[in-house]
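Below you'll find the structure, written out as structure tokens, and then a few comments.
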Amino acid sequence: MTEGMFDRKNHWENIYQNKQLENVSWYQPKPTTSLELITELSIAKNAKIIDIGGGDSFLVDHLLALGYEHMTVLDISEAAIERAKKRLGYQAEQVTWIVADATTFETSETYDVWHDRAAFHFLTNDEDIKRYITNVDKALCKEGRLILGTFSTSGPLKCSGIPIKQYSIESMTKTFDEMFEKQKGFNIDHKTPFDTIQNFTFCTFSKK
Ligand SMILES: C[S@@+](CC[C@H](N)C(=O)[O-])C[C@H]1O[C@@H](n2cnc3c(N)ncnc32)[C@H](O)[C@@H]1O
């Protein structure tokens, strides 16, 4: 494990040990955009969906309520995963939980949907970005879809106190261009619990 990775994990464990669910800027009781993007794919309810950097987001709760059967939530923070499990109670058993760094995580599983809201944008160096993209390519099945949401070029420059990389629809498309074809791209505002606005770029991709 490199020192950089250790710091990253520490940062997130600290956040989840010290901040309440409703006191983080990314808090969303109903992740409407993500839910719409997933449901409009019209995938089967037994499709495999992985939420990367899912933290203790409510996406998994809503997808379970919609009848999706094969949910995986991956996060670098064990504290985040424990919080989500606790909240879901007995339903947590229906979910696969993985504590791992998205850039180094290895799996023999293949997924139909790879969803990431506000985790990828923390990767600010080219090597990590490359590793992440390689991982998406490996983990997604042939017809699989990638759904990615990051801060836009008119959004904040930091999140949870650390720098992020902003993306426009164009730069996100270009970043994934080698292996993925953009299906859809748009910008959308997220209202934080502190009544501030964060502009996001969302794109969906299929494999080339
Ligand atoms: C801003 S929060 C967003 C949480 C959730 N996706 C949402 O939309 O509510 C970023 C999340 O990504 C996780 N994270 C950050 N870097 C990561 C990495 N390299 N691998 C896996 N998870 C990571 C953090 O622990 C945190 O839960």
Sparse-neighbour loop sites [GluC sites (Glu not before Pro); the range 1-70; at most 16 other C-beta within 10 Å; DSSP]: Glu40, Glu69
Fewest-first ranking of His70, His121, using other Cβ atoms within 10 Å as the exposure measure: His70, His121
Within a Gaussian network of the chain (alpha carbon springs, distance under 10 Å), most fluctuating of Thr196, Thr33, Thr173: Thr196
Top of Gly55, Gly161, Gly185 by mean-square fluctuation, Gaussian network on the chain, Cα under 10 Å: Gly161
Over the chain: helical MRE at 222 nm, DSSP H runs n ≥ 4 each giving -39500 (n - 2.57), nearest 500: -9000 deg cm²/dmol
Hz values of 3J(HN,Hα) by residue in the range 140-154 - Karplus curve (6.51, -1.76, 1.60), Gly and Pro given as x: 8, 6, 4, 8, x, 10, 10, 10, 10, x, 9, 5, 8, 6, 10
Linear extension gain, Ile162 paired with Glu78, 0.36 nm per residue minus alpha-carbon span: 28.3 nm
Cα gyration tensor of the range 49-149 - equivalent ellipsoid semi-axes, whole Å, descending: 22, 16, 11
Ranking of Ser108, Ser206 by count of other Cβ atoms within 10 Å, fewest first: Ser108, Ser206
J(HN,Hα) series, the range 115-127, from Karplus relation 6.51 cos²θ - 1.76 cosθ + 1.60, nearest Hz, glycine and proline x: 10, 8, 10, 6, 10, 3, 5, 6, 7, 10, 10, 4, 5
Base-10 log of normalised Debye intensity for the range 32-207 (one unit scatterer per alpha-carbon) at q = 0.10, 0.13 Å⁻¹: -0.35, -0.61
Label-point gap, in nm, between Asn14 and Gln183 - each point 7 angstrom along Cα→Cβ: 3.9
GNM flexibility winner over the chain from Glu82, Glu93, Glu181 (Cα, springs under 10 Å): Glu93
Of the trypsin sites (Lys or Arg not before Pro) in the range 19-51, those whose Cβ has at most 16 other Cβ within 10 Å and which sit in DSSP loop: Lys19, Lys45
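Quick note: the coordinates plus some simple rules give every number you see, no bench work behind them. No experiment lies behind these values; they were computed from the predicted model shown. Neighbour counts are summed over all protein chains in view; Cβ atoms, including those assigned to glycine, are modelled from backbone coordinates with ideal geometry.
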